[in-house]
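One structure is given below, encoded as structure tokens.
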Amino acid sequence: MKGSRTKNGRRRGQTIVFLLLALTILVFAFLWNVDLHRLVSGKISAQDAGDAAAIGAARWQGETLNLIGNLNLVHGLAAASGDDAAIDAITQMQARICFTGPLAGLVVAQIAAKNNRIYQNDDFTDLLKKHAEEVRRYDQGVGDGIIFPEPFEGAWDEYAGMLDAIVADGLAAAPDNALFFGDATGGHILLEKDFYEAVAGREWCWFYLNTATSLEPPRTLLDDFVSYETFGPLPAPDPPRYENSEIFGVGVHAVDFGGAVPIGAGDGGGWNKTSGAWYYYSSSMWSSPWPGMNQEEADPLPMAGQVKPEYDYAGADAVVRLYFRTYRMTSQGKEDDIVWTAAAKPFGSLDGEDGVRVPPHTFGMVLPAFRDVRLIPIDAATSGGDGSFDVEWRRHTDEHLPVYLDCGRLEDGCRYCSLIKRFEEASFRNAGIAWLRKNHEQCTRPPPGGGGGRGGGSRRGH
Ligand SMILES: [Zn+2]
């Protein structure tokens with residue numbers, strides 16, 4: 001009797017343990033489901049918010065161009081009646097619209113993101129705040145003392161003031177294709193993200209294809225590296241012009257036919273303060289091919305057919321980056337940041353000869369032509385790969401690289417710095433040298449048309 005009671009008791013004990021275990025699994029499964037649901041709905045929110053923000057910003061780019069175009073037409077009327085004061089006022093207004101229009105787009109992007117449950121991001125906000133301070137010093141020189149001439153009087157203070165107003169509400173959707181005047185533009189291997197990816201993934205072929213000084217026998221940067229000095233100094237910033245907002249710029253510039261000197265020529269390319277300029281499309285932005293869209297390119301985007309000629313132009317576009325933060329219930333509230341980047345572009349066309357629709361920049365001068373906005377693939381957007389608001393990358397290029405190239409010191413805790421450290425290790429480079437000596441014939445560029453990726457999606461990942 002006594003024995004069986006003990007047996008029963010043990011059985012009951014086992015049952016309770018089993019029940020507790022089952023309950024734990026059930027609760028865990030439930031929480032995991034909640035997490036999964038949060039992740040999925042977070043991803044959808046981030047996508048909606050990013051798309052809406054990019055479209056909002058691109059719509060303002062289109063409106064800005066239309067406004068500048070309309071003022072060109074009014075300029076024509078004023079010129080016909082010889083009204084110099086009106087012409088001066090019109091030109092001044094156009095110069096301001098090149099900055100206020102795109103920044104209105106930035107405000108609209110914030111509203112779109114916040115309406116889709118995306119909150120302000122401290123890193124983004126700090127970065128823009130810091131940049132506003134830089135803009136205020138543009139006419140005093142930044143970095144190596146380069147001075148950026150003002151496109152109109154008081155431009156930098158006015159522009160910095162607008163940035164401050166946006167910062168005050170917090171930045172949720174960052175302008176990821178912003179081109180700050182002080183940014184060094186490419187031309188250095190340590191400014192290429194591909195270098196770091198190649199080190200991380202031990203992609204020896206990348207070194208063979210991009211840094212070879214001899215193909216047979218293979219000799220690459222892996223052989224040539226001696227110290228941080230091997231990399232050489234960072235290139236100086238090379239801003240195209242100062243007439244366009246750095247954020248969601250519309251790619252226009254003023255041409256002065258009245259005076260002998262076109263605006264932008266002369267010392268450093270500044271505004272020469274004469275009136276009577278007309279606004280034209282910058283050919284560097286508008287006449288360059290739309291990346292990835294030409295199927296003759298080495299690595300085009302996967303798509304059916306060619307782009308219609310009236311839509312086949314690069315020019316202004318808006319790329320937005322945002323993060324959606326979600327908390328996991330299964331890992332003690334661990335946070336996941338879902339990053340989403342989206343791009344959109346204003347489209348329009350003009351009547352050409354015989355009623356044929358032609359791209360808006362066909363006649364050079366800016367005319368009101370933009371009626372449409374579309375999402376475009378990230379890889380087809382301008383400077384889509386740079387990620388101006390990829391905060392970790394920017395911290396590395398702005399703060400760590402100048403120090404490293406000056407004295408060889410790398411920053412602890414930075415992913416990119418730790419990859420440089422790995423590259424510096426002789427054992428790492430020797431492994432690559434040995435591999436290339438045997439296998440360099442395997443290193444070939446991807447064949448054309450092998451882009452892969454989802455249709456209309458991104459190859460660089462969102
Ligand atoms: Zn770093």
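The values are calculated or read from the model by the stated rules, or taken from the named source; none is laboratory data. This is a predicted model, so every value here is computed, not measured. FYI the Cβ positions are ideal-geometry reconstructions off the backbone, even for glycines, and counts take in every protein chain you see.
In table form, for the structure just shown:
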item: Test: residue in the stretch 41-48 that is at pLDDT below 95, in contact with a Ser or Thr (Cβ under 7 Å, 6 or more places away or on another chain), farther than 27 Å from R321 by Cα and in a helix (DSSP H, G or I); result: no
item: Candidate set from the stretch 325-341 (those that are modelled with pLDDT of 85 or more and within 28 Å of N33 (Cβ to Cβ)); member that is surrounded by the fewest Cβ atoms within 10 Å (Cβ to Cβ); result: V339
item: Tally of residues being in contact with a Phe, Trp or Tyr (Cβ under 8 Å, 6 or more places away or on another chain) and without any contact (Cβ under 8 Å) to a residue 60 or more places away in the chain across the stretch 211-227; result: 1
item: Of all residues making up the stretch 156-210, the number that are in contact with an Asp or Glu (Cβ under 9 Å, 6 or more places away or on another chain), part of a helix (DSSP H, G or I) and hydroxyl-bearing (S, T, Y); result: 1
item: Search result, residues across the stretch 407-426 that are aromatic (F, W, Y) and near the ligand (Cβ under 9 Å from one of its atoms); result: Y416
item: Filter result for R429 (closer than 23 Å to E229 by Cβ and away from the ligand (no atom under 16 Å from the Cβ)); result: yes
item: Residues of the stretch 105-130 satisfying the condition of being part of a helix (DSSP H, G or I) and crowded, with 19+ Cβ neighbours inside 10 Å; result: G105, L106, V108, A109, Q110, A112, A113, F124, L127, L128
item: Which numbered condition A155 fails, given (1) outside the structural domain of G251 (by TED's automatic domain parsing); (2) buried (at least 19 other Cβ atoms within 10 Å of the Cβ); result: (1)
item: Single residue of the stretch 365-379 satisfying the filter (assigned to a loop (DSSP other than H, G, I, E, B), in contact with a strand residue (DSSP E or B) (Cβ under 8 Å, 6 or more places away or on another chain) and of a type outside the set (V, I, T)) that is farthest from A344 (Cα to Cα); result: L367
item: Candidate set: the stretch 368-406, residues that are without any contact (Cβ under 8 Å) to a residue 24 or more places away in the chain and farther than 22 Å from N177 by Cβ; chosen: the one farthest from the ligand (Cβ to nearest atom); result: D406
